[in-house]
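Before any comments, here is the structure.
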Amino acid sequence: MRHIKKLLLILILFTLLCGIIGCKQEKSSIGNEENLSSTSKEKEVTIIYDNKEEEPPNESDEQKLEKPDGKGINSLTGLWIDESIVSRRPVAVVINNIKKALPQSGISQADVIYETLAEGEITRLIALFKNFDAKKIGPLRSARHYFIDFALNHDAVFVHHGVSPLAATAIKNLKPDNLNSLSHLEKTLTWRDSTRRKQRGMFEHSLYTNTEKILKTWNTVGYRMKLKESYLPMFVFNEKDWTPIGSEAKKVTIHFSKVYMPEFHFDDESALYLRNQFSKPHTDEYNGEQLAVKNIFILFTDIWTIKGDEAFRRDMNLITNGTGKYITNGRAIPITWSRKSNHSPYVFRDIDGNILEVNRGKTWICIFPKNNKIEIS
């Protein structure tokens, strides 16, 4: 009997012990499931949040970033060009811009165009070409000393027809590689448009060159073909197209003088600025295209008439720092610019002091008097 009672007691204790252990195991399992569920939810929320903040590139973005076979980046535009010309120096060509000389030819192929006052009320264009195959470029005109700085900004070969007195001095001192067609190079480098030269008062607006003649003359003279090893591109390009947070800039009017007031109109479809001049579309005679650019820079500086100059030629301060505007994608923001020497390029920064990242594409740069006005609307 005692043995039976002992067995019953052992069975009861064993049952109670199993119940306690099972309960603990069950509670432990439930707790783990809750923890796993909670962790899973936290991870899921984090993943969604990260995707919103920093999206991975889609297929089209990857294609843009991936280097195409046989291609390289154009340092003037940030766009893909044939790899064989990536390291070749650009050329900077002085283009006549008076109303009588219009329309010009070949300038729609320019990667960068500088515009500034030459003398009196008129402006001239210094067009930089790297990726070009133009059959006709011009009409060509003479150099001003500060035009040389625009070529030196990009390690470019400088192409012009004649010089002002100060330009002759600058060439002697700065020693830029230049092709002056008002010399023994005229027949190799240029030709006169037969139709224009016959028209009254058009002889000085009839001189042209082209890609083939520039490269042939360049090779004959023997100037260095490749960019110098220390070359630093003036523009820092953004990986993706961006629109700055600034004032709206659908129309930009630049009052160089009472006569020269070019306009840029933003085209929503192409996201480019179309240029008007003398109240008409500014077109290229060679292909009939209206000039269009992705970026506009307006750089304010001191510009003055040279004392005693009978032609009212200008001078300006380019080795300094100043303020300006960067305009792209229908918006304008204030910037600063600086330049340390004739042989160093402009450095552009935003108002916070960060290096300005520029959209890829063609650029128009206006070197503009501080006391003149621009209209951005």
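Here, each number is a calculation from the coordinates, and none is a lab measurement. Being a predicted model, the structure only gives us computed values, none of them experimental. As a convention, Cβ positions derive from the backbone with ideal geometry for all residues, glycine included, and neighbour counts pool all protein chains shown.
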Test for G361: is it surrounded by fewer than 18 Cβ atoms within 10 Å (Cβ to Cβ) and more than 22 Å from I122 (Cα to Cα)
no
Quick one: is K294 out of contact with any Leu (no Cβ under 8 Å at 6 or more places or on another chain) and not aromatic (F, W, Y)?
no
Can you tell me which residue within the stretch 268-286, out of those that are in a strand (DSSP E or B) and without any contact (Cβ under 8 Å) to a residue 12 or more places away in the chain, is surrounded by the fewest Cβ atoms within 10 Å (Cβ to Cβ)?
K280
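Output the helices (runs of 4 or more DSSP H) that fall wholly within the stretch 134-248 and possess 3 or more residues being over 23 Å from A110 (Cα atoms), or say none. Quick ask: steps written out before the conclusion?
Working: elements: 147-152, 165-174, 186-189, 194-198, 211-221.
In the stretch 134-248, 165-174, 194-198 are the helices (runs of 4 or more DSSP H) which contain 3 or more residues that are over 23 Å from A110 (Cα atoms).
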The conditions are (1) in contact (Cβ under 8 Å) with a residue 12 or more places away in the chain; (2) over 29 Å from the mean Cα position of the chain (by Cα), and R200 fails exactly one of them. Which is it?
(1)
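Looking only at residues in the stretch 213-247 that are among the charged types (D, E, K, R) and touching a residue at least 24 places away in the same chain (Cβ under 8 Å), which one is nearest to T190 (Cα to Cα)? First the steps, then the outcome.
So the first thing to find is which residues in the stretch 213-247 are among the charged types (D, E, K, R), and the list is 213, 216, 224, 226, 228-229, 239-241.
Subsequent filtering for residues that are touching a residue at least 24 places away in the same chain (Cβ under 8 Å) retains 213, 216, 224, 226, 228, 239-241.
Values: K213: 7, K216: 11, R224: 21, K226: 23, K228: 27, E239: 39, K240: 40, D241: 39 Å.
Step by step, filter the stretch 213-247, then rank; the result is K213.
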Under the condition of being in contact (Cβ under 8 Å) with a residue 40 or more places away in the chain and more than 15 Å from I298 (Cβ to Cβ), which residue from the stretch 323-338 is nearest to the chain's Cα centre (by Cα)?
N329
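From the set of residues in the stretch 287-318 that are under 28 Å from I335 (Cβ atoms), of a type in the set (A, V, I, L, M, F, W, C) and in a loop (DSSP other than H, G, I, E, B), which is nearest to the chain's Cα centre (by Cα)?
Taking the stretch 287-318 and keeping what is under 28 Å from I335 (Cβ atoms), we get 290-305, 314-318.
The next check asks that each one be of a type in the set (A, V, I, L, M, F, W, C); those that pass are 291-293, 296-300, 303-304, 316, 318.
Subset that is in a loop (DSSP other than H, G, I, E, B): 291, 318.
Details: L291: 15, L318: 19 Å.
Looking at the filtered set, the residue picked out is L291.
Regarding the stretch 166-174, can at least one residue be identified that is polar (S, T, N, Q), without any contact (Cβ under 8 Å) to a residue 40 or more places away in the chain and touching a Leu at 6+ places or on another chain (Cβ under 6 Å)? Quick ask: steps written out before the conclusion?
Of the stretch 166-174, the ones polar (S, T, N, Q) are 169, 173.
Adding the requirement that they be without any contact (Cβ under 8 Å) to a residue 40 or more places away in the chain leaves 169, 173.
Cutting the leftovers down to touching a Leu at 6+ places or on another chain (Cβ under 6 Å) gives us none.
No - not one qualifying residue is present in the stretch 166-174.
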Give me the pairs, please: first residue somewhere in the stretch 248-263 and in contact (Cβ under 8 Å) with a residue 40 or more places away in the chain and surrounded by 14 or more Cβ atoms within 10 Å (Cβ to Cβ), second residue anywhere and of a type in the set (K, R) and not in a loop (DSSP other than H, G, I, E, B), beta-carbon distance under 9 Å, and either six or more positions apart or on two chains.
A249/K325; A249/R331; V252/K325; P262/R275
Give the number of residues within the stretch 63-96 that are buried (at least 21 other Cβ atoms within 10 Å of the Cβ), in a loop (DSSP other than H, G, I, E, B) and either free of Cβ contacts under 8 Å to residues at least 40 places away in the same chain or of a type in the set (A, V, I, L, M) (or both).
1
Quick check on the stretch 97-123: of everything there that is under 15 Å from H282 (Cα atoms) and in contact with a Pro (Cβ under 9 Å, 6 or more places away or on another chain), which residue is surrounded by the fewest Cβ atoms within 10 Å (Cβ to Cβ)?
A101
